[in-house]
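To start, the structure under review is shown below, and the notes come after it.
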Amino acid sequence: MRPDGEQSATSVESGTPYRAGAQAAALAAFLVASLLVAGLGGLASASNVNGWYATADKAPWSPPNTVFGPVWTVLYTAMAVAAWLVWRKRSGKTRRALSAYGIQLVLNLAWTPVFFALYPALGTPALWLGLAIIIALIAAVTVTVLYFGPISRTAGLLLLPYISWLVFAASLNWWAAAHN
């Protein structure tokens, strides 16, 4: 372990670090995975943001729609970098940490279509289901932070704004479910 509390990017078994090419490819893969989730979420919300959501009763603290894209772009990038930092440490705890990351990514992917795309078909129950998913997502990201932190403090810290945003988004989701 280094003096800053982080483990080095070497194999637990062999002690050899990943090569620069492998690290670059892994970072690209984590970024692509995050951007894929973002893109699929964008497809699910695109027609509905200007559809039912445009006239929905939104929370008084809801920001303009133009805020969401840039915020999510930064968060998805930070998520990918955090996962990459954990992956490159090759710790005995890496698999468990990245499994938690994968679970939260799946929950993240599930929320947008449930909240935006199911509302026209199911109405308010879709919004309550979305709230249940986002609460599970907050829990999953919290577990991910707890797993990432001991492997890479930086990785754990990179996910804290994500949790904060999810709590904020959950408050918006709750308002929408309670008032639509």
Residues in the stretch 80-122 that are among the β-branched types (Val, Ile, Thr) and within 22 Å of Ala56 (Cβ to Cβ) total 2
Apart from one, (1) surrounded by fewer than 16 Cβ atoms within 10 Å (Cβ to Cβ); (2) modelled with pLDDT of 95 or more all hold for Leu98; the odd one out is (1)
- Is it the case that the stretch 42-61 has a residue that's under 19 Å from the mean Cα position of the chain (by Cα) and among the aromatic types (Phe, Trp, Tyr)? no
The residue that is modelled with the highest pLDDT, considering only those in the stretch 9-43 that are open to solvent by 50 Å² or more (accessible area, probe 1.4 Å) and outside any helix (DSSP H, G or I), is Arg19
Exactly one of Ile151, Ile135 is in contact with a Ser or Thr (Cβ under 8 Å, 6 or more places away or on another chain) and not basic (Lys, Arg), and that residue is Ile151
Original post:
Is it fair to say Thr94 is in contact with a Leu (Cβ under 8 Å, 6 or more places away or on another chain) and of a type in the set (Ser, Thr, Tyr)?
Top reply: no
Residues of the stretch 101-122 being open to solvent by 50 Å² or more (accessible area, probe 1.4 Å) and within 14 Å of Ala33 (Cβ to Cβ), in sequence order, are Ile103, Val106, Leu109
Picked from the stretch 123-140 (must be under 15 Å from the mean Cα position of the chain (by Cα) and β-branched (Val, Ile, Thr)), the residue least open to solvent (accessible area, probe 1.4 Å) is Ile134
Of the residues in the stretch 44-70, those that are hydrophobic (A, V, I, L, M, F, W, C), surrounded by fewer than 15 Cβ atoms within 10 Å (Cβ to Cβ) and free of Cβ contacts under 8 Å to residues at least 40 places away in the same chain come to Ala46, Ala54, Val67
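The values are calculated or read from the model by the stated rules, or taken from the named source; none is laboratory data. Fair warning: this is a prediction, and the values are worked out from it, not measured in the lab. Because the Cβ atoms are built from the backbone with ideal geometry, glycine has one as well, and the counts that use them run over all protein chains shown. With ligands, DNA and RNA removed, areas are computed over all heavy atoms of the protein, side chains included. Shrake-Rupley method; radii C 1.70, N 1.55, O 1.52, S 1.80 Å.
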